[in-house]
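Asker: One structure, pasted below without further comment.
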Amino acid sequence: MHKHLRAALFFATVLWGTASYAQVDTIGFEKGRQLQTVNLKPGLKQYIVYFQQPKQKKALRLSLWVREVRKGTHNAQPVFITSQHWYGSDTLGYRTVYSINSAKDFSPVYHAENIGGKLKAFNWTKTNITGADTVANNTHRNFKLDLAKPVLNWNLDIETFEQLPLAAGKTFAINFYDAGLGEPKYVLYKVVGSEVISLLDNIKTDCWKLQTEGKAPDGSAYTQTFWISKKDHEFLKEEDAFGGMYRYKIKMPATSPDLLRRF
């Protein structure tokens, strides 16, 4: 997720009326509120991400996100390990992300990001987040945040959405946190309908449309819409509108070259 959009979401108030709000499902780690981890399928996925601005019709900012989820163990416990690589035309914008989550409920265990050569790494529990003091060159070594309630890792929004029990009329409250930035905040995501979309291989896929909206601190409105397949619970498409700009994220077909293993 783009850093400015994440910052805007922290301060957003997202309400769809009293009646809808009463039906909100709060996602957490208690029985009956947990994510459906069985729907998170290990493997590598690649997304083409591009920005467009109406005032600059001849310009296009383009990047490729590579995300791989695999199963493993950490401290003798089963976990999901998610690795991300963000590629763009400028090497200064290259980013790597490494996250470990419990295989039981997807609660975060560890998270590290390297952006522009600056590393931040965190040990993450349900009660606090602290800088990983054994990780060399960690710029957030002294970080500490006590948590009133457990939070989910906002850097793994794609993987989180794939585990939601999506259905018509549902709204979800997710206590997200972007490690090292601001404070955790509940964000509301509403199933606004469904749509059949054509993928790059021209296969038509029926998807749930999940949406969040609100206002940034400067008063400007933003909207994010996500398309997740009904059959396989797979995140296929995203469309964002914020600050006079549009961002699109589209899953590449399985025939796309695997950048992590080709070079």
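The values are calculated or read from the model by the stated rules, or taken from the named source; none is laboratory data. Keep in mind that what you see is a predicted model, and the values were worked out from it rather than measured. Every residue, glycine among them, receives a Cβ derived from its backbone with ideal geometry; neighbour counts consider all protein chains shown.
So that you can scan it fast, the table gives a plain yes or no per residue for (1) closer than 20 Å to TYR248 by Cβ; (2) surrounded by 15 or more Cβ atoms within 10 Å (Cβ to Cβ); (3) touching a strand residue (DSSP E or B) at 6+ places or on another chain (Cβ under 7 Å):
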residue	(1), (2), (3)
TRP65	yes, yes, yes
GLN84	yes, yes, yes
LEU92	no, no, no
HIS111	no, yes, yes
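Asker: Please tell me if HIS140 is in a loop (DSSP other than H, G, I, E, B) and surrounded by 13 or more Cβ atoms within 10 Å (Cβ to Cβ). Explain how you work it out, then say what you get.
Answerer: Values: in a loop (DSSP other than H, G, I, E, B): yes; surrounded by 13 or more Cβ atoms within 10 Å (Cβ to Cβ): yes.
Taking the combined requirement at face value, the residue satisfies it.
Asker: Restricting segment 145-169 to residues that are touching a residue at least 60 places away in the same chain (Cβ under 8 Å) and surrounded by fewer than 17 Cβ atoms within 10 Å (Cβ to Cβ), which is farthest from ASP240 (Cα to Cα)?
Answerer: Of the residues in segment 145-169, the ones touching a residue at least 60 places away in the same chain (Cβ under 8 Å) are 149-150, 152, 154-166, 169.
Restricting the remaining residues to those that are surrounded by fewer than 17 Cβ atoms within 10 Å (Cβ to Cβ) gives 149, 165, 169.
Values: LYS149: 28, PRO165: 22, GLY169: 21 Å.
Taking the candidates together, the pick is LYS149.
Asker: Regarding GLN56, is this residue closer than 19 Å to MET245 by Cα and out of contact with any strand residue (DSSP E or B) (no Cβ under 9 Å at 6 or more places or on another chain)? Quick ask: steps written out before the conclusion?
Answerer: Details: closer than 19 Å to MET245 by Cα: yes; out of contact with any strand residue (DSSP E or B) (no Cβ under 9 Å at 6 or more places or on another chain): yes.
When the stated conditions are applied, GLN56 passes them.
Asker: With the structure loaded, tell me whether LYS215 is surrounded by 18 or more Cβ atoms within 10 Å (Cβ to Cβ), out of contact with any Asp or Glu (no Cβ under 9 Å at 6 or more places or on another chain) and of a type in the set (Lys, Arg) or whether it fails that test.
Answerer: Working: surrounded by 18 or more Cβ atoms within 10 Å (Cβ to Cβ): no; out of contact with any Asp or Glu (no Cβ under 9 Å at 6 or more places or on another chain): yes; of a type in the set (Lys, Arg): yes.
Spelling it out, it is not the case that LYS215 is surrounded by 18 or more Cβ atoms within 10 Å (Cβ to Cβ), out of contact with any Asp or Glu (no Cβ under 9 Å at 6 or more places or on another chain) and of a type in the set (Lys, Arg).
Asker: Provide a single number: the residues in segment 143-178 that are of a type outside the set (Phe, Trp, Tyr), assigned to a loop (DSSP other than H, G, I, E, B) and either in contact with a helix residue (DSSP H, G or I) (Cβ under 7 Å, 6 or more places away or on another chain) or over 13 Å from LEU35 (Cα atoms) (or both). Lay out the reasoning, then the answer.
Answerer: Step one: of segment 143-178, the residues of a type outside the set (Phe, Trp, Tyr) are 144-153, 155-160, 162-171, 173-175, 178.
Now restrict to residues that are assigned to a loop (DSSP other than H, G, I, E, B): 147-151, 162-170, 178.
Okay, now just the ones that are also either in contact with a helix residue (DSSP H, G or I) (Cβ under 7 Å, 6 or more places away or on another chain) or over 13 Å from LEU35 (Cα atoms) (or both), so 147-150, 162-163, 167-170, 178.
Within segment 143-178, residues that are of a type outside the set (Phe, Trp, Tyr), assigned to a loop (DSSP other than H, G, I, E, B) and either in contact with a helix residue (DSSP H, G or I) (Cβ under 7 Å, 6 or more places away or on another chain) or over 13 Å from LEU35 (Cα atoms) (or both) number 11.
Asker: Can you name the number of the only condition in (1) assigned to a strand (DSSP E or B); (2) in contact (Cβ under 8 Å) with a residue 60 or more places away in the chain; (3) over 30 Å from GLN34 (Cα atoms) that VAL66 fails?
Answerer: Of (1) assigned to a strand (DSSP E or B); (2) in contact (Cβ under 8 Å) with a residue 60 or more places away in the chain; (3) over 30 Å from GLN34 (Cα atoms), only one is false for VAL66: (3).
Asker: Tell me which of these PHE122 doesn't satisfy, since it passes every other one: (1) more than 24 Å from GLY243 (Cα to Cα); (2) assigned to a loop (DSSP other than H, G, I, E, B).
Answerer: PHE122 satisfies every listed condition except (2).
Asker: Yes or no: segment 250-257 includes at least one residue that is crowded, with 18+ Cβ neighbours inside 10 Å, at pLDDT 95 or above and either within 17 Å of the chain's Cα centre (by Cα) or part of a strand (DSSP E or B) (or both).
Answerer: no
Asker: Those residues that are outside any loop (DSSP other than H, G, I, E, B) and either crowded, with 16+ Cβ neighbours inside 10 Å or in contact (Cβ under 8 Å) with a residue 60 or more places away in the chain (or both), I need them from segment 27-43; list them, please. Give the derivation first.
Answerer: Going through segment 27-43, the residues outside any loop (DSSP other than H, G, I, E, B) turn out to be 27, 37-39, 43.
Of everything in segment 27-43, those that are outside any loop (DSSP other than H, G, I, E, B) and either crowded, with 16+ Cβ neighbours inside 10 Å or in contact (Cβ under 8 Å) with a residue 60 or more places away in the chain (or both) turn out to be ILE27, THR37, ASN39.
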